[in-house]
Amino acid sequence: MFSCSPGNGLTDGSLFQAQHGYILPVPGYFGIIVTYQKETELIKMIREAILCKFGEVVLKGTNRGRFESQLTKEVKRRVELIGNFGVRNNQSTIYVTPRDDKAVRDLDLMYDQLSKVFGFAGICRAAIAEKNMEDIRRVAREYLPAVMLNYRSFKCEAKRSDKSFPLSSPEISVDIGGEILEAIPRLHVDLNNPDVIVRIEIRDDYAYIHAGQDRGAGGMPTGSAGKGLLLLSGGIDSPVAGYMMMKRGMEVDCVHFDSFPYTSEAAREKVFELAKKLCEYCGKIKVHTVSLTHIQEEIRDRCEEDYSTLLLRRFMMKLATRVAREQKCHVLVTGESLGQVASQTLQALCVTDDSAGIPVFRPLIGMDKEEIIRVSRKINTFDTSILPYDDCCTVFTPRHPKTQPELEKVLAQENILEVEELIEEAWKSRNTTVLEQEL
């Protein structure tokens with residue numbers, strides 16, 4: 001027997017001679033396993049596809065097409081970053097198939113990219129078979145041993161979206177289960193608690209066979225829920241807040257406030273690094289930077305220390321609202337969690353919101369720190385967030401900040417300052433940087 005490992009990608013059109021026959025590679029196919037054949041017979045090989053299955057999109061009504069279109073657009077954008085893949089939307093699934101040798105080699109990379117696309121409930125790599133039991137059996141025998149190396153038990157589940165297929169779903173499961181036991185004798189069937197579920201999906205075009213399905217990124221397609229402006233600091237919370245709103249389909253811009261020279265250039269670069277990590281989920285982000293140095297100095301020199309954090313947050317909200325309106329963002333997004341620090345008590349948040357001219361979304365409001373950290377590790381922002389660089393919120397921190405402020409007293413402190421002049425000065429310092437996803 002002549003065999004080639006999955007992913008060898010023998011797709012250059014050459015004719016390879018095995019011990020008892022010939023192999024004519026077919027573009028997009030891989031994982032060749034050959035037994036005795038006549039010279040003139042074309043050897044069939046196994047082709048893989050990535051199946052991306054819709055999540056909440058299937059619940060939409062007459063506007064479902066818009067969501068599917070945005071989801072397909074995001075998949076195609078990622079495909080263009082990697083290689084020559086076909087993209088097809090059918091039966092609540094987007095099929096991504098390699099079209100050349102390089103694409104076959106890049107299937108793992110493509111899979112990783114698709115796992116970060118919001119809108120999919122599940123994602124899997126599947127072997128493609130013709131819609132007849134002979135070919136389904138062949139593909140199961142040749143494909144599954146390589147992908148079931150780490151399992152001891154299994155069960156089969158078949159699903160027919162094409163009801164004209166001659167066998168019922170239970171009959172297909174029993175048939176292919178027997179083929180697997182014959183091909184991999186060390187396995188046994190466990191219908192209650194299997195290590196892996198082998199699924200055979202009889203769809204309109206082909207049959208698809210896969211062992212195990214990963215959870216998709218969930219949520220809604222990127223850009224399907226309007227646009228918001230994230231107040232991005234260098235901490236743990238705000239990148240998580242941005243990720244969670246992206247997951248709900250929001251397009252996100254960022255605004256970052258610095259206080260150079262009290263904050264360093266390294267702190268600013270840290271924020272850009274966090275934004276780049278968020279680009280892995282949305283493709284592109286605008287980061288607007290605004291200097292608060294003079295505002296913070298004025299608050300320090302002219303206002304009561306206990307109110308300094310609240311006054312700073314109000315200036316941030318005023319400036320963020322102005323950026324949002326310029327960039328056509330509908331809401332502000334922050335990483336605040338109720339009661340986490342002095343400026344995030346219920347009373348303090350109400351004082352802060354009073355200065356915002358548009359709604360403020362706080363997706364972390366009911367989460368504790370451990371929950372937030374778990375998400376930050378999942379999206380790979382935690383290690384960057386904990387780098388020891390100060391941001392503007394840690395400059396001139398009061399010793400005894402107000403935790404139950406009264407709006408009237410906060411406004412009395414704010415009125416000591418030339419608010420409009422300070423905002424205009426800070427506005428002139430703004431810069432915008434566009435960051436794009438990098439592989």
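Points to keep in mind about this one:
- By the Cα gyration tensor, the stretch 47-215 has an equivalent ellipsoid whose semi-axes, rounded to whole angstrom, run 28, 19, 15 from largest to smallest.
- Spin-label proximity, Arg152 to the stretch 174-197 - amide N less than 14 Å from point 7 Å beyond Cα toward beta carbon: 186-190, 193-196
- Amide proton proximity set for Val331, modelled H, under 5 Å, gap of 5+: Leu229
- Contact order normalised by residue count of the chain, Cα under 8 Å, 6+ apart, percent: 14
- Computed E for Arg377/Glu425 - FRET, C-beta separation, R0 45 angstrom, nearest 0.05: 0.70
- Unit charges on C-beta of K, R, D, E only; dipole of the stretch 227-436, Debye: 900
- If the segment from Lys159 to Arg141 were pulled out straight at 0.36 nm per residue, it would be longer than the present Cα-Cα gap by 4.6 nm.
- For the chain, hydrophobic long helices are taken as DSSP H runs at least 24 Å long by C-alpha position along their axis with mean Kyte-Doolittle hydropathy of -1.0 or more; these are 64-82, 265-282, 308-326.
- In this Cβ point-charge picture (+1 for Lys and Arg, -1 for Asp and Glu), the stretch 47-215 has a dipole of about 600 debye about its Cα centre.
- Local charge for Val252 was computed over the other residues whose Cβ lies under 11 Å away, with Lys and Arg +1 and Asp and Glu -1, and equals +3.
- Leading residue at positive end of dipole, the chain (Cβ point charges), from Ser168, Gln413, Gly339: Ser168
- Electrostatic dipole magnitude of the chain [Cβ: Lys, Arg +1; Asp, Glu -1; Cα centre; debye, to 20]: 1240
- Length available on full extension from Asn415 to Asp112: 0.36 nm per residue minus the Cα-Cα distance, which gives 103.8 nm.
- The ranking of Leu319, Leu109 by Cβ neighbour count inside 10 Å, starting from the fewest, reads Leu109, Leu319.
- Potential extension, Ile358-Arg66 segment - 0.36 nm per residue separation minus Cα distance: 102.4 nm
- In this simple spin-label approximation, Ile386 and Phe260 carry label points 7 Å from Cα along the Cα→Cβ vector, and these lie 2.9 nm apart.
- Overall form of the stretch 309-439 per C-alpha gyration tensor (a/c, 1.5; a/b vs b/c): oblate
- In this structure, the pairs whose alpha-carbon distance is over 19 Å, taken from Lys116/Lys159; Lys247/Lys378; Lys131/Lys163; Lys60/Lys159; Lys277/Lys378, are Lys116/Lys159; Lys60/Lys159.
- Counting charges near Ile197 (Lys, Arg +1; Asp, Glu -1) among other residues having Cβ under 11 Å from its Cβ returns a value of -1.
- Listed residue (Phe54, Phe67, Val104) projecting farthest to the positive dipole end of the stretch 47-215, Cβ model: Phe67
- Between Asp190 and Glu280, the simple spin-label model (points 7 angstrom out along Cα→Cβ) gives 3.2 nm.
No value in this document is a laboratory result; all are computed from the given coordinates. Because the structure is a prediction, the values reported are computed rather than measured. Neighbour counts are summed over all protein chains in view; Cβ atoms, including those assigned to glycine, are modelled from backbone coordinates with ideal geometry.
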